[in-house]
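> One structure follows; several queries about it will come next.
The values are calculated or read from the model by the stated rules, or taken from the named source; none is laboratory data. As the structure is a prediction and not an experimental result, all values here were calculated from the model. Every residue, glycine among them, receives a Cβ derived from its backbone with ideal geometry; neighbour counts consider all protein chains shown.
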Amino acid sequence: MKTLPSNLIERSSNACELCGEHTESMTAYAIPPKNNDSIENEVALCSNCFNKISNADFSDLNYWRCLSGSIWSNVASVQTLSYKILSKLNTEDWAMEALESVSLDEAVINWANAEDELEASKVIHKDAYGVILESGDSVILTQNLNVKGANFIAPKGIVIRKIKLVADNAEQIEGKIEGDTIVILTKFVRKSTV
């Protein structure tokens, strides 16, 4: 949470750039994935809008009807935040009408969707039972594995401690068996609680 710099106070006329409320307690909100390094990344918000956005609380549908006006702002960051929230309310006819009524620059839409796209692109490692694995976890082999490049079979039930996740492949982890670091497919392990 960052208080408003003077240039953001001037741009917003000391009013929330979403709902229009004039208040003394305003916050400069940077729209993810960007940060507060530039006024162009920020929106001046009242505490009510800020708290609702911070808590991802979009349940008060009537409250967010203010976005039908803010989507028309000439400030890209205000358009972006309005678009992001209206997109979350896409089951409401008025929200869809607001989105369809305005022609936004492609850069605004890309910025609005960037955070969700980053989240979707994260590689998530899961064991054979769908449990999320983290680096440093211990796993148990669910079947005997013939270790390629080494002349042994890793037995079912062996515990492999302090695994490492293969960053670009959700189906692979690394672990040590008999002193050798090997790549193991996640479909052959289950997370250990030990």
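> Based on this model, can you work out whether Asn74 counts as in the same structural domain as Lys52 (by TED's automatic domain parsing), under 22 Å from the mean Cα position of the chain (by Cα) and exposed (fewer than 11 other Cβ atoms within 10 Å of the Cβ)?
No; evaluated as a whole, the condition is false for this residue.
> Which residues, counting only those in the range 123-160, are touching a helix residue (DSSP H, G or I) at 6+ places or on another chain (Cβ under 7 Å) and modelled with pLDDT under 90?
Leu145 - this is the single residue of the range 123-160 that is touching a helix residue (DSSP H, G or I) at 6+ places or on another chain (Cβ under 7 Å) and modelled with pLDDT under 90.
> Hey, Asp137 hits all of (1) free of Cβ contacts under 8 Å to residues at least 60 places away in the same chain; (2) of a type outside the set (S, T, N, Q); (3) in a helix (DSSP H, G or I) but one; which does it fall short on?
Exception for Asp137: condition (3).
> Another question about this same structure. Suppose we filter Asn90, Asn51, Asn41, Asn110 for residues that are under 18 Å from the mean Cα position of the chain (by Cα) and closer than 30 Å to Ala170 by Cβ; which single one remains?
Result: Asn110 is the single residue among Asn90, Asn51, Asn41, Asn110 that is under 18 Å from the mean Cα position of the chain (by Cα) and closer than 30 Å to Ala170 by Cβ.
> Name the residues in the range 33-53 that are touching a residue at least 12 places away in the same chain (Cβ under 8 Å) and loosely packed, with under 15 Cβ neighbours inside 10 Å, would you?
Pro33, Asn36, Glu40
> Something else now. Of all residues in the range 160-184, which are part of a strand (DSSP E or B), exposed (fewer than 13 other Cβ atoms within 10 Å of the Cβ) and in contact (Cβ under 8 Å) with a residue 12 or more places away in the chain?
Asp180 - this is the single residue of the range 160-184 that is part of a strand (DSSP E or B), exposed (fewer than 13 other Cβ atoms within 10 Å of the Cβ) and in contact (Cβ under 8 Å) with a residue 12 or more places away in the chain.
> Filter the range 63-108 down to the residues that are of a type in the set (Ser, Thr, Tyr) and in contact (Cβ under 8 Å) with a residue 40 or more places away in the chain, then identify the one that is farthest from Ala30 (Cα to Cα).
Tyr63
> In the range 114-142, what count of residues is obtained for those that are of a type in the set (S, T, N, Q) and surrounded by 15 or more Cβ atoms within 10 Å (Cβ to Cβ)?
2
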